[in-house]
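For reference, the structure is listed below as structure tokens.
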Amino acid sequence: MTDQTTATPLLEFRGVNTHYGAVHILKDVDLAIYPGELVCLLGGNASGKSTTLKTLLGMVTPTTGEVVLDGEVVNDKPTSYRVERGVTMVPENRRLFKRLSVKENLQLGAYLRTDKDGIERDLERIYEMFPRVKERLNQKSGTLSGGEQQMVAVGRALMAKPRVLLMDEPSMGLAPALVQTNFELIQQIHEEGVAIFMVEQNANMALSIADRGWVLQTGRVVLDDSADALLANPDLRASYLGDGKR
Amino acid sequence: MSERLLTIDNLSVTFGGLHALRNLDFHVDQGEIVSVIGPNGAGKTTFFNMISGMVTPTEGDILFKGESLIGLDPNQVTARGIARTFQNVRLFANMTILENVMVAQHCRTKQGLFGALFNTKSFKEEEAAIRAHGEKVLGFFGSRLVGYRLEQPASVLSYANRRRLEIARAMATKPEVILLDEPVAGMNPKESEELTALIGELRSEWGFTVVMIEHDMGVVRDVSDRVVVLDHGETIAQGSYDEVSTNPDVIEAYLGRPAEEAS
Amino acid sequence: MRHKAAPRTGVDWFLLVLKVAMFSVIGFGLFAFVLQQIDPNNWLAQQINDDATGLTADQFEGLIISGVSQGAMYGLIALGYSMVYGVLGFINFAHGEVFMVGAMTGMITSNKLLEAGAWESNFIASLLFIVMVAVVVSTLTAVVMERVAYRPLRGSPRLIPLITSIGISFFIQNVSVVLLGPGAKAYPDLPDWWTETQTIGFLEVQRTRLLVVVVAAVAMGALWYLVERTKTGKAMRAVAEDKEIASLMGINVNRIIVTTFAVGGAMAGVAGILWGIMFRSVVHTTGFLPGIKAFSAAVVGGIGNLGGAMAGGLTLGTAESVAPLLILEPLGVRGVSQLRDAVAFSALILVLLVKPTGLFGERLSADDRA
Amino acid sequence: MSKTMTPELAPPRAVLDQDWGRIGRFGGLIALSLIFVALSNMPVSMETFDLIADQVTLGDVSLWWLLLVAGFAVGKEVVLEGMTTHARGPRDIVAGACTGAVAAAGLSVLAVLIDNFDLRDPLINWSPQTLEKLSLGGSVGSGVVLWLVAGAAIGGVGGSLHVLSERPRRLFVTMLVSVFLIAILETVLSDISEDIALEWLADIVYAKRGGLTIVGVVLVAVLSGAYSWWGRVRAQEAKERFQSLEGADRTRGNAIAFGLVAVATVVLPMVLGGITNELLANVGLFVLLALGLNIVVGLAGILDLGYVAFFAIGGYTTAILTSPNRGESWPDWMPDTPWFAALLLVMVFAALTGLFIGAPVIRMRGDYLAIVTLGFGEIIRLLFLSDWLGGYTGAAQGITNIPGVNVFGLTTVKGTNPQAVFYLVAAFCAVAIYVSWRLEKSRLGRAWMAVREDESVAEAMGINTVNVKLMAFVVGAVLASFSGAIFAAKVGSIFPTSFIILVSIVILVVVIVGGMGNIAGVIAGAVVLIGVLGGPKQPGLLQEFSNFKLLIYGALLIWMMLQKPEGLIPNVRRTRELHQEEFLQDAWLRGEIDTDADPSEGGVAPA
């Protein structure tokens, strides 16, 4: 998509190590996400995927190494700073504020923004994107159906005007139709120029839409290649992709 | 078909004015494996919660072997012979693996204070029987949960093994019907294939009747006698896998595209 | 959530009997009270309590007024319990001590002002000053408490912070003993004008009590505005529901939690001063019982529900002031004033038995309710 | 954890390569603590207690230990796996010294303030004595200088502990702690030595006017040092050998250990004096209470804050049944029941009360339950206190004249004979231990654990949670009522003030500090806390601390929750529960569990 040799990465890990207590979780992880890319991070349980996301978002501070956001080292910066700079996440299982109305959920997405007009404009854009959401603005978000909740979750993340959107397990525990909607949404957002970093167990599905991918195993990046090459990789087939039935 | 085991008659549940389930009719015969599918938020887990007594329906009746389960506490439902697992795996994580299956036999045993304090003969016999049955259900999953594992806390288990232990725990309650809530969620293809086979054995070897919520259509296809599709708290289709998977309503609401493509 | 048709187990029967018994005591007590009021010498009233005299309208009015003003104070403290419970999902048992710290600070400051002569010469300014100091100190206490003891425990099993808060409560009480001594300490006298009564319509109210009610109402309004109408309030509600996701929105969760503690602490500080000018005496244990009662008030009103907390406070305050004379004495119970606290706790138990989510419904995230 | 790791050691860092922010933070924190200690009057009020005759008083130590801790704590580092660790060196000593100096500066500031301002009202200890103590006898100026030097020195010693390798460090700490303990336990130790004819030894070790003699210090230091250097390893080995025993050997080992403890329990009181026996009897009462609460809180996970209610029920029922002064409203024909006969009724009544209190609260959320039980505790006390029931309970005047326990006509156990009381208590403790031990491994015990872990799942697995929890309440109530019954007979009179909330809280602290869910832990907790500090009303060994007792209880509770929620002698299971995430991370990376379990990605619901 983008010429990686010239552009500066939007988000970067440079030799990141993290610890939980005394225990070593991420081991010398290097990652780079360039503007407008759709990349995925694959790995089974316990590989450190969640920790990677948490480190990107500033919920975990690396022991050594640097987390770089648009050329700036943000190791010590809080989550809010990173969100302000255009990193945001659609969490696994949507996790809406169920007691708050749909509109309040969307507004909270724009919590750090001060440009009132811009917020209004973006709200309109989201309504356009998801007409069903507009119909339910004043409903408590907990009362929505699964598909609608997914839309609100994505809309909420978009309200932060992200430059890179992190997606945590977008297919986990969802009905087939929803998984499909979800991946379509991801592609749609991607086409608008937002970089997407997707963490997935369902490697087949993720690689089918991604540009590039990394494979994480017990805290170490063991594979780093284009999506096509990964799909063709026999080792990966054996350990993650299975017979392709799913 | 054989005896009707579980009948759900015109059942509705409302939470604060919102219909979680509406006019649901459903039945399970002795020895069947029935899958319940449907989009997220369709009320599948509520449905399970209701059968197991954790939620009381607003209307309608649940009959188990001809007797109503309405108003029973969850422990009484389990005692009647319905056991369940949970979508998000809820083990007693700090109890050992053996203790997890031993404690599940609570409603099938009866030793109280007296036996424990005076270490009576019947107490010892019962303890031994509890232990034996526990090991037997654990043994169903091969060598994974037995041996040195027996005395390990459940929290050390891998994700897939936690799911297995949860099923073992449900089996330990000596049920007639077992309710499995997304048994293969989060498992890799190999593991889910193996579990699919075991679900078949739950019926063939143990004689359990199985009701299962599952998103993995492959598993649903492989084991179910019958598939029930829920959407917005209502049954939209019911029948064999082939019937259901080609039903346009189901494709619209759940599958997103015909099943052959999806799988 | 569960609706039971009929009691089935022994426990259910017992609870039914207990509820019926409690309601019959209330009902029968009220009946006896009415009989007494009609004529203390009528035959039935004589049977029940032969030395009862009934209440005069003035006495009754006095009870209600003192109950309401006391209740308003409980309500103010209860707001802190309710907010913290709403946001963090645990009972900050030590919140009563924050209130005590406020009252103590007020005592120290007002006595210093008295020495300096400002208390008498410029009472209103002095009052505002002690409120300010008390609010600052209580807020600090609450914030430090959060930082030192509760923040490290976030995410641990829910009884752990509760036990910790018991320790903190104990600790703060005894810090007060060790630094300030165990004796009761007095507030300086108020100017006469404040202790006189004010007539509002047909009610005659002591002005200090009036002040308590007015302050509580104002505080309640301000808090409602903060929570429901401001961005911080929205952030608070978001944090209450899901901290991790709230931080994803760019909300500084720690700051919001600290704000919650601070607001609760400030309310407790104000309540402390009100206590001081109403009862004019503080000890290190001053915070304990009002604290527990305020928590009860929060539960009675429905925890997490701010309006409920205030309403619960008023309910509880009035109940413990009126019920002993209205219900117990007509039944022939001697020394009813000794049973005030018992009545308050019984009210808590009764409410939880009849309506476990409080009178006005609780507002909690799904996790906390589990 | 650290045992299995072999960190690569890099050369020590430069002396001035310090984390000054951390030093400032630690120093500041300790400075505040020191100021608090000074203003709480500990240094002055403990001045009269000589630890080392004419040299060191407890008052001095109340300040010094904080400096030592400061110096040590500032140098603490977590050894991170896979990262290089620097060797320790002079840098740590400097860090400790700096921290100590910063902390001591706080005291200096206080001294200057006291010298110049009068805050006696409201701070009651803002006194000349405090100033004198802070200026170390000289002028304020010299005091300031001396404190800074002392702070740096003590802090430096604390920091240098990091430089020492494990064995000498342990030696130093053991010696220091032993000297302190032997000195502080002077009263009881010299008492005991008199009883067992070792008076001559006490005369050597202790000075006449109190405190260790120099000879004593050296003796204690050498002995404890020798143990630490040579004996400790062997003791450790023995312990490990014992723990590795299996099957029948283990059972036999346990039996022997148990027998030894039993013999000690029987023999010790015979050689001890009255005061010590009195103390032991009090400890026993609390052990009994703590064992009961342990079943409720530790096994079933029900936080009962009104536990004192059952103690009160036990006490009052016994008093009413046995005392002739039981209150004028009881019918005249009521006999003065002998204690053991009364005990049966006490049990029944306590069990009923347990059901009565338990039934309404049992379905409530854990934290509501805590407050409501606390409310019940208060209601019961207020009822005993009220004039309304005064005819039955004696109201504020209580019930007096409670006879002692007539043990089969052999002897009468009452307060004047603390040794007999202790035996009685110990017998009941043994019952409580047996009950706890048997139940924990039974069907009921497993059900309790399941309820504690996840109540709704336990319910779904066929456990009648209401019944099971009520059972815990009842068993706990009966054990507490035993304690109450003995208490009544021991004291001979009973008043509502013996049953305040404080008692519930203190028992809770005992259970938590000892280790929830662990019988040995709970006993140890009671022995250490009640024995050393004392109960709510009962004096402990250290009378000097009686003014600060409750403060220490509060601080201890907070500290335990923050640092070691599993208690001093933890229950393995509880430890897991409380450190679950850490434990998982740890086990996962060691490959002790299946490789595909991801602790950070959930799957396990936190308890």
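The values are calculated or read from the model by the stated rules, or taken from the named source; none is laboratory data. Given the structure is predicted, the values throughout are model-derived calculations rather than measurements. Virtual Cβ from ideal backbone geometry, glycine too; neighbours counted across all protein chains shown. Calculation scope for accessible area: heavy atoms of the full protein, side chains included, ligands and nucleic acids excluded. Shrake-Rupley method; radii C 1.70, N 1.55, O 1.52, S 1.80 Å.
Within the stretch C:124-157, restricting attention to residues that are assigned to a helix (DSSP H, G or I) and within 11 Å of another protein chain (Cβ to nearest Cβ), the residue that is surrounded by the most Cβ atoms within 10 Å (Cβ to Cβ) is C:MET145. Within the option set A:ASP243, A:ASP224, A:ASP235, being modelled with pLDDT under 85, open to solvent by 10 Å² or more (accessible area, probe 1.4 Å) and more than 14 Å from chain B (Cβ to nearest Cβ) holds for one residue only, A:ASP235. Those helices (runs of 4 or more DSSP H) of the stretch D:261-375 in which at least 1 residues are touching a residue at least 60 places away in the same chain (Cβ under 8 Å) and among the acidic types (Asp, Glu), considering only elements entirely within it, cover D:274-293. For the stretch B:1-46, name all the residues that are open to solvent by less than 10 Å² (accessible area, probe 1.4 Å), more than 25 Å from B:ARG203 (Cβ to Cβ) and among the hydroxyl-bearing types (Ser, Thr, Tyr). Within the stretch B:1-46, B:SER12 is the sole residue that qualifies. What about C:PHE360, is it modelled with pLDDT under 90, closer than 21 Å to C:VAL87 by Cβ and under 17 Å from the mean Cα position of the chain (by Cα)? The answer is yes for C:PHE360. On inspection, D:VAL372 passes the criterion of being open to solvent by less than 70 Å² (accessible area, probe 1.4 Å) and assigned by TED's automatic domain parsing to the domain that holds D:ALA472. For the stretch A:130-151, the criterion of being under 20 Å from C:LEU248 (Cα atoms) and among the hydroxyl-bearing types (Ser, Thr, Tyr) is met by at least one residue.
So that you can scan it fast, the table gives a plain yes or no per residue for (1) of a type in the set (Lys, Arg); (2) crowded, with 20+ Cβ neighbours inside 10 Å:
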residue	(1), (2)
C:ARG207	yes, no
C:LEU210	no, no
C:ALA216	no, yes
C:TRP224	no, no
C:THR230	no, no
C:MET236	no, yes
C:GLU241	no, yes
C:ALA246	no, yes
C:VAL253	no, yes
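In summary, D:ALA526 fulfils each of the numbered conditions (1) touching a residue at least 24 places away in the same chain (Cβ under 8 Å); (2) farther than 22 Å from D:PHE428 by Cα; (3) not aromatic (Phe, Trp, Tyr) with the single exception of condition (2).
Quick check on the stretch B:225-236. Is at least one of its residues on the phi > 0 side of the Ramachandran plot and either within 14 Å of chain D (Cβ to nearest Cβ) or surrounded by 22 or more Cβ atoms within 10 Å (Cβ to Cβ) (or both)? Looking for residues that are on the phi > 0 side of the Ramachandran plot and either within 14 Å of chain D (Cβ to nearest Cβ) or surrounded by 22 or more Cβ atoms within 10 Å (Cβ to Cβ) (or both), one finds at least one in the stretch B:225-236, hence yes.
Looking across the stretch A:32-42, the residues that are in contact (Cβ under 8 Å) with a residue 40 or more places away in the chain and open to solvent by 10 Å² or more (accessible area, probe 1.4 Å) come down to A:TYR34, A:PRO35, A:GLY36. Checking C:TRP43, C:TRP13 one by one, the residue that is open to solvent by 10 Å² or more (accessible area, probe 1.4 Å), within 14 Å of chain D (Cβ to nearest Cβ) and at pLDDT below 90 is C:TRP13 and no other.
For the stretch D:408-429, what are the residues that are free of Cβ contacts under 8 Å to residues at least 40 places away in the same chain and of a type in the set (A, V, I, L, M)?
Once the filter is applied, which keeps residues that are free of Cβ contacts under 8 Å to residues at least 40 places away in the same chain and of a type in the set (A, V, I, L, M), the stretch D:408-429 yields D:LEU410, D:ALA420, D:ALA427.
Just to check your reading of the model, which residue among D:VAL94, D:VAL79, D:VAL44, D:VAL69 is open to solvent by 40 Å² or more (accessible area, probe 1.4 Å) and within 30 Å of D:VAL218 (Cβ to Cβ)?
Answer to the check: D:VAL69.
D:ALA290 meets the conditions (1) modelled with pLDDT of 95 or more; (2) surrounded by fewer than 24 Cβ atoms within 10 Å (Cβ to Cβ) in every case but one. The failed one is (2). Could you list, in sequence order, all residues of the stretch C:285-305 that are surrounded by fewer than 24 Cβ atoms within 10 Å (Cβ to Cβ) and part of a loop (DSSP other than H, G, I, E, B)? C:THR285, C:ASN305 - these are the residues of the stretch C:285-305 that are surrounded by fewer than 24 Cβ atoms within 10 Å (Cβ to Cβ) and part of a loop (DSSP other than H, G, I, E, B).
May I ask you to verify whether A:ASN75 is assigned to a loop (DSSP other than H, G, I, E, B), within 14 Å of chain D (Cβ to nearest Cβ) and polar (S, T, N, Q)? Judged against the criteria, A:ASN75 is not a match.
Within the stretch A:39-72, the set of residues being part of a loop (DSSP other than H, G, I, E, B) and either within 21 Å of A:ALA157 (Cα to Cα) or in contact with a Pro (Cβ under 8 Å, 6 or more places away or on another chain) (or both) comprises A:ALA46, A:GLY58, A:MET59, A:VAL60, A:ASP70.
Residue-wise test of (1) open to solvent by 20 Å² or more (accessible area, probe 1.4 Å); (2) more than 8 Å from every other protein chain (Cβ to nearest Cβ); (3) touching a helix residue (DSSP H, G or I) at 6+ places or on another chain (Cβ under 6 Å).
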residue: A:GLU104; (1), (2), (3): yes, no, no
residue: A:ASP115; (1), (2), (3): yes, yes, no
residue: A:ILE119; (1), (2), (3): yes, yes, no
residue: A:LYS140; (1), (2), (3): yes, yes, no
residue: A:ILE196; (1), (2), (3): no, yes, yes
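Going by the conditions given, is A:MET172 open to solvent by 10 Å² or more (accessible area, probe 1.4 Å), within 14 Å of chain B (Cβ to nearest Cβ), under 29 Å from B:GLU193 (Cβ atoms) and within 14 Å of the chain's Cα centre (by Cα)? Yes. Within the set D:VAL466, D:VAL478, D:VAL513, D:VAL503, the sole residue that is away from chain C (no Cβ under 11 Å) and farther than 19 Å from C:GLN173 by Cα turns out to be D:VAL478. Whether a residue is part of a helix (DSSP H, G or I) and within 12 Å of chain C (Cβ to nearest Cβ) was assessed, and A:ARG82 passes this test. No other residue among C:ILE160, C:ILE168, C:ILE172 is within 11 Å of another protein chain (Cβ to nearest Cβ), assigned to a helix (DSSP H, G or I), under 30 Å from D:ASP367 (Cα atoms) and in contact with a Pro (Cβ under 8 Å, 6 or more places away or on another chain) apart from C:ILE160.
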